[in-house]
Amino acid sequence: MSKEARYDQTFLAGNSKATLLVRNIGQLCTLDTGESMGPRRKEEMTQLGIFTEAAMVVSGDEIAATGPESELMARLFPDGLPEDLPVVDAAGRSVIPGFVDPHTHTVFGKTRQDEYERRIKGETYLEIAAAGGGIHSSVRDLRGRSEEELVELATVRLREMLAQGTTTVEIKSGYGLTLADELKMLRAARTAAESVGVRSVRTCLAAHEIPHEYKDKRRDYVNLVTDEILVQVKAEGLAQRCDVFCEPTVFDLEETLIILTRARDLGLSLTVHADELASFGGAMLAARLGANSADHLIKIDEQGRQALAASNTVAVMLPGTVFSLGLKNYAPGRGMIDQGCALALASDFNPGSCPINSMPLVMAIACTQMRLLPSESLVASTLNAAWALGLNDEVGSLATGKKADFLILDGDDYRLIPYRAGHNPVESVFLGGCKVC
Ligand code: NIG
Ligand code: FE
């Protein structure tokens, strides 16, 4: 029996109670286009499972039913609406799943607008990093801050993201680079997400950079990551995933393999910062290890593309970073969708290369600069992003049985999201069936 039919039966038998009805939805994008063994690819990325003149029924924190309003009413409430059922009138607007942002560095201290200005004047990201800026400057700053301070800063940022529709967010460590500071970051991420109420997945990115104190003993730092940091992170349940910044100037392929293999043995799922600055084989390695995602991919080569297309490793693209760095070359999003890669979008929100934390803006950049269709950009920011985090059974679409995380937009067409770049299209945000913004 299908999930829908089971819900209908329990409803009609009175065992399961509707707790919220959203009616008068002009355009309901469920993204529920049937069972799928993996993330959406090719034409599937244009299919949004749309109902017009629609309604949605929530039971507890889950989606119970979606469909044309008249049909749904007749089927679930043949004797009329229960008097005590809360009803939200969407006034003809669009309803979509909450955004899933699968790659952020939301926990950090100071912002780095000085570097932004230096880049406009002509310095490159790598030149600034070599001169003491970049990740190292955020590391120095973060080590001097208390956990409480980091919680406070991250809380404000997560509230801002929630108001722009992000209901599930991935948060990385990686500005601590000592056992104590990495744990401090991950605890701060957990506390901040819990206080805002947003769903979070945390990723240990202790391999974000070789800390200065290990400059001449890289292997010792790799050992610290594998033998102490990852072990403790896992023991305290502070992260679900492990990431490595795999680039010629940071961690090479061998070091990346050592760290990710250890993480996998500890039961963490995997992701890689891959092929961002150079074509280096990071995406291929991610596919080979069965990583959930390979992220960035600006310089990915044909072999890497084919490896991703043939795997369930999601290609996560971060066009806000290219935009914020003022670069010209975006990751080959259009070509990789056509080639059969499962594509997701993320903000990469961080103080250096991408201060953007708005998924609507990321969608806009993806559409105009990578030539994604608005429908593809929406699937990439919800369902495929949920696959990238391994949360596809819980979030990413408005399918029966999934969490009732959804957005009522201020317009009646999802294409207005990227079209109105710079505008926040989110009128209200529901998390687990409760209005939070
Ligand atoms: O994803 N690529 C590595 N890390 C970040 C940049 C972090 C920083 O500059 O602070 C990124 O772009
Ligand atoms: Fe990143």
Top of LEU318, LEU76, LEU20 by mean-square fluctuation, Gaussian network on the chain, Cα under 10 Å: LEU76
Candidate lysines - alpha carbon under 21 Å from LYS435, same-chain residues fewer than 8 apart omitted: LYS17, LYS402, LYS403
Antiparallel DSSP beta bridges within region 100-388, percent to nearest 5: 5 percent
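What's the magnitude of the charge dipole for the chain around its Cα centre, counting Lys and Arg as +1 and Asp and Glu as -1 at the beta-carbon? Answer in Debye, nearest 20. Write down the numbers at each step before the final one.
Values: 44 positive and 59 negative charges, 99 e Å.
The dipole magnitude comes to about 480 debye.
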Partners for LYS110 among lysines (Cα-Cα distance below 20 Å; same-chain residues under 8 apart left out): LYS172, LYS184
Cα coordinate range in region 150-269, projected on the principal axes (Å, largest first): 43, 28, 24
Mean Cβ count within 10 Å, highest first, over the residues of peptides 294-302, 223-231: 294-302, 223-231
Under the Karplus curve 6.51 cos²θ - 1.76 cosθ + 1.60, θ = phi - 60°, whole-Hz ³J(HN,Hα) for region 53-70, x wherever Gly or Pro sits: 6, 10, 9, 9, 10, 10, 10, x, 9, 10, 6, 9, 7, 9, x, x, 4, 5
Listed residues THR167, LEU327, ALA188: farthest to the positive end of the dipole of region 100-388 (Cβ charges): THR167
Value of Rg to Rh for region 76-141 (Rh from inverse mean 1/r over Cα pairs, i.e. Kirkwood): 1.43
Using alpha-carbon coordinates, inclination of helix 359-370 to the longest axis of the chain, degrees: 70 degrees
Charge-dipole axis of the chain as Lys and Arg at +1 and Asp and Glu at -1 on Cβ define it, positive-most pick from ALA263, ALA131, PHE51: ALA131
Approximate shape of the chain as ellipsoid semi-axes (Cα gyration tensor, √5λ), whole Å, largest first: 38, 22, 21
Computed accessible area, GLU4, all protein chains, 1.4 angstrom probe, square angstrom: 80 Å²
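Taking 2.2 N^0.38 Å as the expected size of a compact globular protein, what ratio does the Cα radius of gyration of region 62-106 give against it, to two decimals?
1.67
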Region 215-345 - Rg (one decimal) and Dmax (whole number), Cα, Å: 14.9, 44
For region 1-155, average projected area of the Cα convex hull in nm²: 15.6 nm²
Separation between Cα centres of region 344-423 and region 44-98, rounded to whole Å: 21 Å
Among 358-368, 414-424, the order from most to least packed when residues are scored by Cβ within 10 Å on average: 358-368, 414-424
Gain in span if fully extended, GLU228 to SER146, counting 0.36 nm per residue against the direct Cα distance: 27.4 nm
Derived scalar couplings ³J(HN,Hα) [region 108-113; Karplus, 6.51 cos²θ - 1.76 cosθ + 1.60; whole Hz; x for Gly, Pro]: 7, x, 6, 7, 10, 5
Compactness relative to 2.2 N^0.38 Å, alpha carbon Rg of region 260-303: 1.13
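The values are calculated or read from the model by the stated rules, or taken from the named source; none is laboratory data. These numbers were taken from a predicted model, which means no experiment stands behind them. FYI the Cβ positions are ideal-geometry reconstructions off the backbone, even for glycines, and counts take in every protein chain you see. Accessible surface areas use protein heavy atoms only, side chains included; no ligands, DNA or RNA. Shrake-Rupley method; radii C 1.70, N 1.55, O 1.52, S 1.80 Å.
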